[in-house]
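**Q** To start, I am sharing the structure in question, which I have written as structure tokens.
Derivation of every value follows stated rules applied to the coordinates shown; laboratory data play no part. None of the values given here were measured: they were computed from a predicted structure. All Cβ positions, even for glycine, are placed from backbone atoms using ideal geometry, and neighbour counts span all protein chains on display.
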Amino acid sequence: MDSCYILGIESSCDETAAAVVRSGEEVISNVVASQIATHQPYGGVVPELASREHLRAIVPVVRQALAEAGQTYESLDALAVTQGPGLAGALLVGISYAKALAFALEKPLIAVNHLEGHIHAVLLEEGQKGNHELSFPMLALVVSGGHTHLYLAERRGESWSYENIGHTRDDAAGEAFDKVAKLLGLGYPGGPIIDRLAKHGDPRAVKFGSSQIKHPDRRISTHPSKTAKGGAPGTKGASTGGGQLARHPPPPSRARFDFSYSGIKTAVLRYVETHNLAPTIEERRRAFAGIAKPKLDDFLAACDKQTLNLVASFQRAMVEDLVEKTLAAAREYDVATLFVAGGVAANNELRETFEREAAEQGLPVYFPSRPLSTDNAAMIAAAAYPKFLAKQFAAMEFSAEAGMALK
Ligand code: KG4
Ligand code: ZN
């Protein structure tokens with residue numbers, strides 16, 4: 001087959017999305033209807049409202065994706081839909097619609113794990129740039145509003161498999177950004193707002209202790225100069241000079257790289273209490289209640305230096321922890337390529353820090369473009385392509401899996 005056109009449908013959280021992707025590596029159309037305005041007054045996603053908004057948006061969004069791609073229902077080769085993880089009611093809207101379409105059109109339907117979608121957003125865009133030479137083993141950090149997961153990814157023929165080597169023990173990184181923004185009266189979603197405001201504060205102003213952000217279970221050092229030589233179980237051998245990766249198999253008892261972000265949220269709350277920031281936060285909330293879509297200047301006008309410093313310090317602590325642990329895992333598992341995907345991968349400081357520090361380690365790092373970092377359906381259609389080639393089609397009775405694991 002020369003070209004294969006897959007329609008992807010994504011409705012796992014607060015974005016209704018549809019896209020047409022050609023042969024897993026060319027985005028022909030990519031439509032995302034965001035529900036931010038619906039959830040904004042509540043400072044987070046309200047599941048019942050999300051399902052209702054998906055119901056409203058799904059038909060027009062799919063029609064628009066087809067129209068923009070110059071495709072018809074009949075000209076498609078297959079349909080793909082997110083099966084999980086996500087909000088059960090939200091997932092069901094996309095799944096029911098995709099099933100109905102596939103049944104009526106007699107086209108194959110492919111069920112996709114949302115997290116695999118985030119990883120394939122990177123592969124899709126690298127393929128689109130003509131880069132088909134990615135080296136294995138590959139480590140992927142999927143960092144979003146619901147997940148902070150590290151996966152070792154392998155490819156055998158058309159088949160991909162994943163091993164989870166770390167995840168958050170409590171809040172996901174994006175969730176911490178959202179909760180801290182809400183706490184400071186900055187609105188929802190918090191990640192993009194904190195990203196923009198952090199540049200205007202001093203990231204060294206507020207110190208977050210290691211107990212507030214480090215997960216205590218880890219059994220290995222995260223700094224190459226501190227790694228034990230000779231390798232007790234769970235420790236990595238010496239890295240070679242110049243920060244290059246040493247090529248040898250990981251130890252038999254594999255270390256885990258878990259994250260924990262609920263402590264830093266509590267630390268921000270403590271800071272707010274001890275520095276009596278509540279009145280200025282209240283004032284800010286009232287000011288933003290009267291502005292439909294606050295701009296950067298509105299945020300800057302509503303934030304004093306102390307708040308900007310707090311925001312910048314919070315972001316720095318998050319970025320340092322994510323980068324440090326991910327690169328330690330990369331050394332431990334001796335990977336050749338690093339992917340960073342998911343909504344938080346849109347963060348400027350995270351990208352810059354990963355690029356700088358991965359380069360020091362001699363490790364190539366890839367991100368999706370910003371539009372493909374946050375939830376979209378192009379990544380679902382792209383992840384479906386290898387399954388299409390392998391004829392891994394979904395049985396009509398499959399259903400939403402809110403806690404679906406990636407394997
Ligand atoms: O992948 P995504 O769109 O949805 C989930 O699968 O969760 O990620 C959404 C998350 C939200 O928590 C949002 O605040 C965060 O990604 N986010 C960011 C940025 N853009 C989105 N976090 C930090 N910096 C950003 N620029
Ligand atoms: Zn996502």
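**Q** For ILE28, state whether it is closer than 15 Å to LEU101 by Cβ, crowded, with 16+ Cβ neighbours inside 10 Å and touching a residue at least 40 places away in the same chain (Cβ under 8 Å).
**A** Working: closer than 15 Å to LEU101 by Cβ: no; crowded, with 16+ Cβ neighbours inside 10 Å: yes; touching a residue at least 40 places away in the same chain (Cβ under 8 Å): yes.
Spelling it out, it is not the case that ILE28 is closer than 15 Å to LEU101 by Cβ, crowded, with 16+ Cβ neighbours inside 10 Å and touching a residue at least 40 places away in the same chain (Cβ under 8 Å).
**Q** Within region 142-177, count every residue that is of a type outside the set (Gly, Ala, Ser) and either within 13 Å of ligand 2 (Cβ to nearest atom) or assigned to a loop (DSSP other than H, G, I, E, B) (or both).
**A** Qualifying residue count, region 142-177: 10.
**Q** I would also like to ask the following. Are there any pairs, at least 6 apart or on different chains, whose C-beta atoms fall under 7 Å, with the first in region 382-407 and over 19 Å from GLU163 (Cβ atoms) and the second assigned to a helix (DSSP H, G or I) and among the β-branched types (Val, Ile, Thr), and if so, which?
**A** Final answer for the pair search is SER399/ILE95; ALA400/ILE95.
**Q** Something else about it: Which of the residues that make up region 63-90 are over 19 Å from PHE398 (Cβ atoms) and either hydrophobic (A, V, I, L, M, F, W, C) or within 23 Å of the chain's Cα centre (by Cα) (or both)?
**A** Result: ALA65, LEU66, ALA67, ALA69, LEU76.
**Q** Return a yes/no flag: does region 76-89 have any residue that is on the phi < 0 side of the Ramachandran plot and assigned to a helix (DSSP H, G or I).
**A** Yes, region 76-89 contains at least one residue that is on the phi < 0 side of the Ramachandran plot and assigned to a helix (DSSP H, G or I).
**Q** Next question, about the same structure. Tell me, which residue of region 99-114 that is in contact with a Ser or Thr (Cβ under 9 Å, 6 or more places away or on another chain) and not β-branched (Val, Ile, Thr) is farthest from ligand 2 (Cβ to nearest atom)?
**A** If we filter region 99-114 for residues that are in contact with a Ser or Thr (Cβ under 9 Å, 6 or more places away or on another chain), which is where we start, we get 111-114.
The next check asks that each one be not β-branched (Val, Ile, Thr); those that pass are 111, 113-114.
Details: ALA111: 16, ASN113: 11, HIS114: 6 Å.
The extreme case among them is ALA111.
**Q** Would a scan of region 179-199 turn up a residue that is under 28 Å from ALA384 (Cα atoms), part of a helix (DSSP H, G or I) and within 16 Å of ligand 2 (Cβ to nearest atom)? Before you say what the answer is, go through the steps one by one.
**A** Keep residues of region 179-199 that are under 28 Å from ALA384 (Cα atoms), which gives none.
Taking every residue of region 179-199 in turn, none turns out to be under 28 Å from ALA384 (Cα atoms), part of a helix (DSSP H, G or I) and within 16 Å of ligand 2 (Cβ to nearest atom).
**Q** Conditions first: (1) under 19 Å from the mean Cα position of the chain (by Cα); (2) over 18 Å from VAL45 (Cα atoms). ALA104 passes all but one, so which condition is the exception?
**A** For ALA104, the exception is condition (1).
**Q** Let me ask something else. Hey, among LEU350, LEU389, LEU372, which residue is closer than 26 Å to ILE28 by Cβ and either acidic (Asp, Glu) or under 17 Å from the mean Cα position of the chain (by Cα) (or both)? Lay out the reasoning, then the answer.
**A** Values: LEU350 fails: closer than 26 Å to ILE28 by Cβ; LEU389 fails: either acidic (Asp, Glu) or under 17 Å from the mean Cα position of the chain (by Cα) (or both).
Just a single option satisfies the conditions, and that option is LEU372.
**Q** Which condition does ASN113 not pass, out of (1) of a type outside the set (Phe, Trp, Tyr); (2) within 24 Å of ALA140 (Cβ to Cβ); (3) away from ligand 1 (no atom under 16 Å from the Cβ), if it passes all the others?
**A** Every listed condition holds for ASN113 apart from (3).
**Q** Would you check if there is a residue in region 178-186 being of a type in the set (Gly, Ala, Ser), within 23 Å of PHE299 (Cβ to Cβ) and within 16 Å of ligand 1 (Cβ to nearest atom)?
**A** Within region 178-186, the first condition is being of a type in the set (Gly, Ala, Ser), and the residues that meet it are 181, 185.
Checking the rest, the ones that are also within 23 Å of PHE299 (Cβ to Cβ) come to 181, 185.
Subset that is within 16 Å of ligand 1 (Cβ to nearest atom): 181, 185.
The answer is yes; a qualifying residue exists.
**Q** Just to be sure I understand the filter: pairs with C-beta atoms under 8 Å, separated by 6 or more residues or on different chains, first member in region 191-203 and over 11 Å from LEU296 (Cα atoms) and among the small types (Gly, Ala, Ser), second member assigned to a helix (DSSP H, G or I) and within 16 Å of ligand 2 (Cβ to nearest atom). Which pairs pass?
**A** Listed pairs, sorted by first residue: GLY191/GLY174; GLY191/PHE177; GLY191/ASP178; GLY191/GLY343; GLY191/VAL344; GLY191/ALA346.
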